[in-house]
Amino acid sequence: MELQTAARYRLLDELRGLDLISMMLYHGMWDVVFLFGVAQKWYTGRPGFVWQQSICWVFILLSGFCLPLGHHPFRRGAVVFGAGALVTAVTLLFLPEDVVWFGVLTLLGSSMLLTAALDPLLRRVPPAVGVAVSALLFWVTYPTMNGFWNLPGVEALPQALYASYTTAYLGFMPKSFFSTDYFPLLPWLFLFWAGYFLHHLVGRGRLAPLRRSVCPPLGWMGRHSLVLYLLHQPVILGVLTVAFRLVRAG
């Protein structure tokens, strides 16, 4: 599932690790604001939105870029998709008011499986064209959950599309749908594919500079990102619970 250590592109691991730290801080602040009731206007406003988007854009784009580096994309996709299902099951059982349906792990696992299945066809697309078209489709479908696409003359998509949890998985979210972490296939699959095609556009021969290491601890986090992702929220929540109890007791 992973490249051998000697052959790894360490800077990619370290970038993933840095993004993981940013995500942990963001989720920690989410707990502070929404679970412990400490209002922060900047977090619920534009700055918080930009922070959240920067995390997911880097994570998804980097995942698409790195997929061709692995040797077992179907197995990797199945593991990540299964981890997403585990997150859904745990939140549904223990935090039903904050349940996660179709979170980022479900998206990444789905994207890996779809890309692995379509790889023979995708490789026929010139990489520069693939990057451009994927970026364009990402921009066009970005507001899918809001009921429209960025297309001239298209003011609203048919409401019949927004029908169920199945359509929510695709990006057509019904009004009754709720998830604390929601990353449907539209538009995010196209960002994943932009990373995939960017990898082929750059070419394996020009990736050699990425083998050097700048911060090994970040690289370790990047190599174990799935496990750390699954563990970070319970750990952060536990630490914050103890901290707030101590503060209130004092």
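Taking only pairs six or more apart or across chains, which ones have beta-carbon atoms under 9 Å, a first residue in segment 230-250 that is of a type outside the set (K, R), and a second residue that is part of a helix (DSSP H, G or I) and open to solvent by 80 Å² or more (accessible area, probe 1.4 Å)?
Close Cβ pairs satisfying both conditions: L230/L86.
What's the number of the only condition in (1) touching a residue at least 60 places away in the same chain (Cβ under 8 Å); (2) touching a Gly at 6+ places or on another chain (Cβ under 6 Å); (3) of a type in the set (A, V, I, L, M, F, W, C) that F81 fails to meet?
(1)
Where residues in segment 33-57 are aliphatic (A, V, I, L, M) and surrounded by fewer than 18 Cβ atoms within 10 Å (Cβ to Cβ), which of them is modelled with the lowest pLDDT? Explain how you work it out, then say what you get.
So in segment 33-57, the residues aliphatic (A, V, I, L, M) come out as 33, 35, 38-39, 50, 55.
With surrounded by fewer than 18 Cβ atoms within 10 Å (Cβ to Cβ) added as a condition, the list becomes 33, 35, 38-39, 50.
Working: V33: 94, L35: 89, V38: 93, A39: 93, V50: 97.
Looking at residues that are aliphatic (A, V, I, L, M) and surrounded by fewer than 18 Cβ atoms within 10 Å (Cβ to Cβ), I get L35.
Out of segment 102-140, which residues are within 15 Å of the chain's Cα centre (by Cα) and either assigned to a loop (DSSP other than H, G, I, E, B) or more than 21 Å from F59 (Cβ to Cβ) (or both)?
Hits for segment 102-140 are F102, G103.
How about segment 237-250: which of its residues are part of a helix (DSSP H, G or I) and either open to solvent by less than 80 Å² (accessible area, probe 1.4 Å) or among the small types (G, A, S) (or both)? Before the answer, list the steps.
So in segment 237-250, the residues part of a helix (DSSP H, G or I) come out as 237-249.
Matches in segment 237-250: L237, G238, L240, T241, A243, F244, A249.
Check off (1) touching a residue at least 24 places away in the same chain (Cβ under 8 Å); (2) of a type outside the set (A, V, I, L, M, F, W, C); (3) at positive phi for G219 and give me the number that stays unchecked.
Only one criterion in (1) touching a residue at least 24 places away in the same chain (Cβ under 8 Å); (2) of a type outside the set (A, V, I, L, M, F, W, C); (3) at positive phi is unmet by G219, namely (3).
Go through segment 92-121 and count every residue that is in contact (Cβ under 8 Å) with a residue 40 or more places away in the chain and open to solvent by less than 20 Å² (accessible area, probe 1.4 Å).
Residues meeting the conditions: 13.
S134 versus (1) open to solvent by less than 30 Å² (accessible area, probe 1.4 Å); (2) without any contact (Cβ under 8 Å) to a residue 24 or more places away in the chain; (3) of a type outside the set (A, V, I, L, M, F, W, C): which is the lone unmet condition?
(2)
The values are calculated or read from the model by the stated rules, or taken from the named source; none is laboratory data. Quick caveat, the model's predicted, so the values are computed rather than measured. All Cβ positions, even for glycine, are placed from backbone atoms using ideal geometry, and neighbour counts span all protein chains on display. The protein model used for the area step is the full one, side chains on, heavy atoms only, and it has no ligands, DNA or RNA in it. Shrake-Rupley method; radii C 1.70, N 1.55, O 1.52, S 1.80 Å.
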